Structure formats: structure tokens, C-alpha cells
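Asks: Sharing a structure, written as C-alpha cells. Questions coming.
The values are calculated or read from the model by the stated rules, or taken from the named source; none is laboratory data. Predicted, not measured: the structure shown is a model, and the values here were computed from it. Glycine also receives a Cβ, built like all others from the backbone with ideal geometry; neighbour counts cover every protein chain displayed. Just so you know, the surface numbers come from the protein's heavy atoms only, side chains and all, with ligands and any DNA or RNA stripped out. Shrake-Rupley method; radii C 1.70, N 1.55, O 1.52, S 1.80 Å.
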Amino acid sequence: MTCNILHRTLYEYAAPVTVSHHVARLEPRATPAQARESFSLKVFPEPTLRKERADYFGNQLCLFSIQEVHKRLEIITHSRVTVRAEKPPAREASPAWEEAAALFRDPVSPEVVEPYQFVFDSPQVRASFELADYAGESFARDTPLLAGVSDLNRRIFKDFKYDPKATTIVTLLEEVLAKRRGVCQDFAHLGIACLRSLGLPARYVSGYLRTRPPEGKPRLVGADASHAWFSVFCPGTGWADFDPTNNVRPATEHITVAYGRDFGDVSPVAGILTGGGEHVVKVSVDVAEVPA
């Protein structure tokens with residue numbers, strides 16, 4: 001499936017901004033299942049300085065500075081991406097979760113050094129006994145890893161209510177667990193924290209979601225904004241994605257932009273500025289399938 005993606009981010013400031021420095025992570029990744037056909041990023045007002053590079057995780061960054069007085073900042077990206085369907089690995093054929101976790105206890109072999117970094121706590125995701133207990137209901141003894149993750153994905157979808165008013169980007173995971181409410185970012189963090197609490201490597205994935213609902217049915221959550229899900233490392237198979245917000249395995253309708261330890265590593269736009277006062281942020285995303 002090939003899609004055109006239009007992503008607009010608008011900042012409106014209460015007071016003039018004299019200078020600002022930003023980093024944008026908005027360029028879709030190129031992966032074995034995803035081809036980035038084209039990408040453009042425009043900034044208004046025009047940056048004085050601009051540079052592109054990859055970050056530690058291989059995500060494409062655009063760093064730019066605006067050195068003129070402004071009260072409005074707009075970032076517009078156009079992407080065309082083709083996603084190829086891949087047959088997901090059989091859940092029951094994956095190794096037992098205890099065997100997988102044992103690979104990530106010191107000393108680790110060179111073959112798993114890359115995923116090993118995703119076993120540890122990160123700024124927004126911390127393991128706990130409470131999360132290990134919650135995850136444990138899906139991971140009985142000798143449960144195949146992907147079968148256990150699939151059940152955890154299902155339970156998060158069932159136990160937690162999508163509520164965009166319940167949390168903010170700084171809400172702690174403990175609060176999400178207590179309220180049983182949140183958004184896709186929270187549910188991705190929850191899945192990651194549960195898996196790391198069992199000693200399993202898991203990472204945060206940001207991107208977009210394209211849906212084609214049956215007539216009279218609503219689109220899946222996240223279809224009109226940036227979306228988030230998580231990925232677990234399965235020995236012998238590699239990274240496997242799960243979307244707890246919608247209880248699905250990401251396929252051709254999930255478009256990957258970036259991944260990291262948690263949201264802090266993949267924030268679409270971040271920056272520092274002088275002036276501005278309070279501000280309003282407006283984000284709109286349109287994902288349109290290109291007719292075959």
C-alpha cells in the first residue's frame with residue numbers, strides 16, 4: 001500500500017519569539033517492509049540555519065534555527081511511503097519468554113547487544129514489581145514469547161480506556177496504571193514497561209495510522225494524528241510490533257517514523273526558544289492511500 005501523508009504543526013505564541021532552535025523527527029524510516037518514496041519538510045518563517053542528520057537510533061532529524069522575531073511557527077511535511085505486507089511470525093513458534101529473557105542477563109552475547117539497550121529503564125519508562133505482576137498474567141511458565149505479548153496487548157486494550165483528556169505528555173506511568181485511562185503514548189509506554197519488568201527488551205515506535213473502516217464504523221484511534229505503539233525483540237525473528245491502543249499487530253496501515261527507548265527519544269518536534277510566553281499547538285495529519 002502506498003500513502004501520501006500531510007503533517008502540519010502550528011505554534012502560535014502569545015508574545016514575540018526572538019530566537020528559537022528546534023529538532024524535528026518527522027521523516028518516515030526506510031525499513032525492510034517500508035520504502036520512503038519521497039519526503040519534504042518546510043518551515044515558516046524560513047530558518048536561518050538548517051541541517052539534516054540521523055540520530056543514535058537511526059531516525060532522521062532536521063535541526064533548524066529561526067533568528068527573526070516571530071509569533072507563529074509552522075512546520076509542514078509531505079511524505080509518500082509504500083508499506084509491504086509481511087507475514088508475522090507464528091506466535092506459538094517463538095521461544096519461551098523465560099528463554100528470551102535469559103539472553104539479556106549479563107554477560108550478553110554480541111548477537112543481542114543492540115536489543116540489550118532496550119531492557120533498561122529510560123526517563124519515561126521504569127520497571128516495577130507492580131508492572132511485572134500485571135504482565136505476569138500473560139506470561140505463565142513456558143509461554144511462547146509472542147503469544148504472551150499478544151495477550152498483554154489484548155489486556156491493555158481491554159483494561160484501559162482511550163481518553164485524550166485523562167493524561168498529558170508528562171503524566172507518569174503510575175498515574176496511567178491507577179486511572180486505567182490514557183492515549184496511545186501511554187499504552188505504548190505501559191506495554192514497554194511491562195515487558196522490561198520481566199527482563200525483555202522493548203522499544204517505543206512512533207508513526208501514522210491509515211484505516212479503512214467498514215461502512216458506518218469509526219476509524220481506528222490515531223488515524224488523524226501521530227500514533228504510537230511498541231515493539232518487542234524476539235530471538236530468531238527480530239523486532240515484532242504490537243499496537244495496544246487498537247489490539248492489532250501493525251501491518252500495512254501502520255507507517256513507522258521513528259523509534260527509541262520512550263517518547264522522549266522520538267518527539268516529533270522539540271526545541272528551546274527565547275520569549276513567546278504561553279503558546280497553542282495545533283497538529284493535523286492526513287494519510288491518504290494512493291489508488292493502485
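Asks: Go through the residues of the range 66-83 one by one and say whether even a single one is among the basic types (Lys, Arg), under 24 Å from Ile169 (Cα atoms) and surrounded by 14 or more Cβ atoms within 10 Å (Cβ to Cβ).
Replies: Yes: one or more hits.
Asks: Somewhere in the range 218-229, is a residue modelled with pLDDT of 95 or more, in contact with a Phe, Trp or Tyr (Cβ under 9 Å, 6 or more places away or on another chain) and surrounded by 18 or more Cβ atoms within 10 Å (Cβ to Cβ)? Explain how you work it out, then say what you get.
Replies: Looking only at the range 218-229, we keep the residues that are modelled with pLDDT of 95 or more, and these are 228-229.
Filter again for in contact with a Phe, Trp or Tyr (Cβ under 9 Å, 6 or more places away or on another chain), leaving 228-229.
With the extra rule that they be surrounded by 18 or more Cβ atoms within 10 Å (Cβ to Cβ), the set shrinks to 228-229.
The answer is yes; a qualifying residue exists.
Asks: May I pose another question? Among the residues of the range 103-116, is there at least one that is touching a residue at least 12 places away in the same chain (Cβ under 8 Å) and in contact with a Ser or Thr (Cβ under 8 Å, 6 or more places away or on another chain)?
Replies: Taking the range 103-116 first, the residues touching a residue at least 12 places away in the same chain (Cβ under 8 Å) are 103-105, 112, 115-116.
Cutting the leftovers down to in contact with a Ser or Thr (Cβ under 8 Å, 6 or more places away or on another chain) gives us 103.
Yes, there is a match, as at least one residue in the range 103-116 is touching a residue at least 12 places away in the same chain (Cβ under 8 Å) and in contact with a Ser or Thr (Cβ under 8 Å, 6 or more places away or on another chain).
Asks: Take Phe139 and decide whether it is open to solvent by 20 Å² or more (accessible area, probe 1.4 Å), at pLDDT 95 or above and among the hydrophobic types (A, V, I, L, M, F, W, C).
Replies: no
A quick yes/no check of all residues on (1) more than 20 Å from Leu173 (Cβ to Cβ); (2) modelled with pLDDT of 95 or more; (3) of a type outside the set (Gly, Ala, Ser):
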site	(1), (2), (3)
Asp243	no, yes, yes
Arg249	yes, no, yes
Glu253	yes, no, yes
Thr256	yes, yes, yes
Asp262	no, yes, yes
Val266	no, yes, yes
His279	yes, no, yes
Ala288	yes, no, no
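Asks: Is it the case that Arg29 is over 24 Å from Val280 (Cβ atoms), open to solvent by 20 Å² or more (accessible area, probe 1.4 Å), in contact with a strand residue (DSSP E or B) (Cβ under 7 Å, 6 or more places away or on another chain) and of a type in the set (D, E, K, R)?
Replies: Numbers: over 24 Å from Val280 (Cβ atoms): yes; open to solvent by 20 Å² or more (accessible area, probe 1.4 Å): yes; in contact with a strand residue (DSSP E or B) (Cβ under 7 Å, 6 or more places away or on another chain): yes; of a type in the set (D, E, K, R): yes.
So Arg29 passes the test.
Asks: Please determine whether any residue of the range 44-55 is open to solvent by 60 Å² or more (accessible area, probe 1.4 Å) and among the small types (Gly, Ala, Ser).
Replies: There is no residue in the range 44-55 that is open to solvent by 60 Å² or more (accessible area, probe 1.4 Å) and among the small types (Gly, Ala, Ser).
Asks: Please indicate, with yes or no, whether at least one residue in the range 11-18 is farther than 13 Å from Ile75 by Cα, outside any loop (DSSP other than H, G, I, E, B), of a type in the set (Val, Ile, Thr) and open to solvent by 20 Å² or more (accessible area, probe 1.4 Å). If you could, list the steps in order and put the result at the bottom.
Replies: Let us first name the residues in the range 11-18 that are farther than 13 Å from Ile75 by Cα, namely 13-18.
With the extra rule that they be outside any loop (DSSP other than H, G, I, E, B), the set shrinks to 13-18.
Within this subset, residues satisfying the condition of being of a type in the set (Val, Ile, Thr) are 17-18.
If we keep only those that are open to solvent by 20 Å² or more (accessible area, probe 1.4 Å) as well, we get 18.
The answer is yes; a qualifying residue exists.
Asks: Moving to a separate point now. How about the range 243-292: which strands (runs of 3 or more DSSP E) wholly inside it have at least 2 residues that are under 14 Å from Val205 (Cβ atoms)?
Replies: 254-260
Asks: Return the pair list, or none, for Cβ contacts closer than 8 Å from residues in the range 164-182 that are in contact (Cβ under 8 Å) with a residue 60 or more places away in the chain to residues that are surrounded by 13 or more Cβ atoms within 10 Å (Cβ to Cβ) and assigned to a helix (DSSP H, G or I), at least 6 apart or on different chains.
Replies: What qualifies is Ile169/Gln185; Ile169/Phe263.
Asks: When you scan the range 29-52, do you find a residue that is touching a residue at least 60 places away in the same chain (Cβ under 8 Å) and in a loop (DSSP other than H, G, I, E, B), even just one?
Replies: The answer is yes, given that some residue of the range 29-52 is touching a residue at least 60 places away in the same chain (Cβ under 8 Å) and in a loop (DSSP other than H, G, I, E, B).
Asks: Assuming Pro107 fulfils every condition listed in (1) outside any helix (DSSP H, G or I); (2) at pLDDT 95 or above; (3) open to solvent by 30 Å² or more (accessible area, probe 1.4 Å) apart from one, which condition is it?
Replies: (2)
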